[in-house]
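Each remark here refers to the structure printed beneath this line.
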Amino acid sequence: MKTKVMLLSTLTLAATALMSCGGGEGKLKVGILQFGSFEALEKAKQGFVDVLEKSDLKDKIAIDVKNAAANGADNVSMASTLASNSDLVYGVATPSASALKNAVDSIASPAPVLFSAVTNALGAKLVKDLDKPDGNCTGVLDIGPIAEELEILSKFDGVDNVVSFFTSTEVNSVYQVEIAEKWMDENNIAHSRKTITSASEISSALAAIPDDVDAIFLPTDDTIANSISLVKSANEARTSKLFVVGSDTGLAGSCTFAMGVDYYQCGVQAGNMAVDLLKKNKTIAQIPVQTCDVSKIVVNKTWAESLGQTIPAEVLAIEGIEIL
């Protein structure tokens, strides 16, 4: 009798332990890997999660979110864990999307890979064809209106020489800088590059920019975005203050103005893809890579004026502009 009681107690404890694991048994498992914690990636994650939680699949899905905190080794390790335990994975930013795709491919997992906050999916080898993905991966691009950004920058008095500031190892950044440089060549604006390999180099690199440079162009660069406050403080410390234009409105607090896609909308679009895939309404091959539908512009008038800079009236009059 004592043995039966002990056995019953053991089984009860085991059942309780299983229930406390989050109730994910039998549910579709969605793994999210976010490369860093800055605003753009938080919004891209949240838009995706909100779509799933508002869909008719909400009670059938268990979501596991991991954040690599911009640590490359953790990013790869987390990708491996998610690839082994998910029915679908979502990478927020190129490093995380690439790590997930590599992990899924290495174990021949059938889990589809979705991405957002990625600028150059072809260059990152996430897909071979944007219109007809032929592998296990598709998603939403965050390429912003670079030509429009630079057109607005050219309206500022005295902007004749622009430096592109970015991380040399980030393929997305290089891709955007090449687009920007082509526009500047066509519009007779002098330009140069200043690159870093890690956030620890930001302050010294900005201090070394020559005084004849008027402005900085910041692409959507994960390393710089994760330490954007260093860009602001380094510019404030310069004798010759630089106009700063960012390709992500989440950076506006440290920029003269920023213009880019709405990252929450990027997440929403990727979330809609996830619903179609989880319901098996579509396959990856039937979901072309999309670009984000919505862009925004934010001008940091208060900070610019504290540096002695003037925002042109025609810039402040742009329809839909947000002014800080």
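The values are calculated or read from the model by the stated rules, or taken from the named source; none is laboratory data. A quick note: this is a predicted structure, and the numbers were derived from the prediction, not measured. Backbone-built Cβ (ideal geometry, glycine too); neighbour counts: all protein chains shown.
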Unmet criterion (only one of (1) surrounded by fewer than 22 Cβ atoms within 10 Å (Cβ to Cβ); (2) in a helix (DSSP H, G or I); (3) touching a Phe, Trp or Tyr at 6+ places or on another chain (Cβ under 7 Å)) for Leu150: (1)
Regarding Leu150, is this residue over 24 Å from Leu206 (Cα atoms) and aliphatic (A, V, I, L, M)? no
So in segment 305-324, with the set limited to residues that are among the aliphatic types (A, V, I, L, M) and in contact (Cβ under 8 Å) with a residue 40 or more places away in the chain, which one is farthest from Ser154 (Cα to Cα)? Leu324
Please determine, by comparing only the residues of segment 289-304 that are within 15 Å of the chain's Cα centre (by Cα) and not in a loop (DSSP other than H, G, I, E, B), which one is modelled with the lowest pLDDT. Ser295
Single condition Glu181 does not satisfy, out of (1) in the same structural domain as Lys282 (by TED's automatic domain parsing); (2) touching a strand residue (DSSP E or B) at 6+ places or on another chain (Cβ under 6 Å): (1)
Within segment 158-177, can one find any residue that is among the charged types (D, E, K, R), without any contact (Cβ under 8 Å) to a residue 40 or more places away in the chain and in contact with a helix residue (DSSP H, G or I) (Cβ under 8 Å, 6 or more places away or on another chain)? no
Qualifying positions in segment 280-306 - within 15 Å of Phe257 (Cα to Cα) and either among the charged types (D, E, K, R) or surrounded by fewer than 17 Cβ atoms within 10 Å (Cβ to Cβ) (or both): Lys296, Lys301, Thr302, Glu305, Ser306
Given the residues Phe166, Phe156, which is the only one that is in a loop (DSSP other than H, G, I, E, B), hydrophobic (A, V, I, L, M, F, W, C) and assigned by TED's automatic domain parsing to the domain that holds Pro210? Phe156
Of the residues Gly267, Gly253, which is in a helix (DSSP H, G or I) and either within 15 Å of the chain's Cα centre (by Cα) or not assigned by TED's automatic domain parsing to the domain that holds Ala208 (or both)? Gly267
Just for segment 230-246: of the residues that are part of a helix (DSSP H, G or I) and in contact with a helix residue (DSSP H, G or I) (Cβ under 8 Å, 6 or more places away or on another chain), which one is nearest to Asp160 (Cα to Cα)? Asn235
Odd one out for Ser204 among (1) touching a residue at least 24 places away in the same chain (Cβ under 8 Å); (2) farther than 22 Å from Ser96 by Cβ: (1)
Filter segment 207-229 down to the residues that are within 23 Å of the chain's Cα centre (by Cα), within 24 Å of Ala304 (Cβ to Cβ) and outside any loop (DSSP other than H, G, I, E, B) and list them by number. Ile216, Phe217, Leu218, Ile224, Ala225, Ile228, Ser229
Working carefully through the options Gly139, Gly123, find the one that is touching a Ser or Thr at 6+ places or on another chain (Cβ under 6 Å) and closer than 28 Å to Val245 by Cα. Gly139
Checked Ala44, Ala70 against criteria (farther than 20 Å from Val113 by Cβ, outside the structural domain of Ser198 (by TED's automatic domain parsing), among the hydrophobic types (A, V, I, L, M, F, W, C) and touching a residue at least 24 places away in the same chain (Cβ under 8 Å)); the one match is Ala70
Scan segment 25-67 for residues that are surrounded by 19 or more Cβ atoms within 10 Å (Cβ to Cβ), more than 13 Å from the chain's Cα centre (by Cα) and of a type in the set (Gly, Ala, Ser) and jot them down. Gly31
Matching residues in segment 7-52 (more than 24 Å from Gly260 (Cβ to Cβ) and modelled with pLDDT of 90 or more) number 6
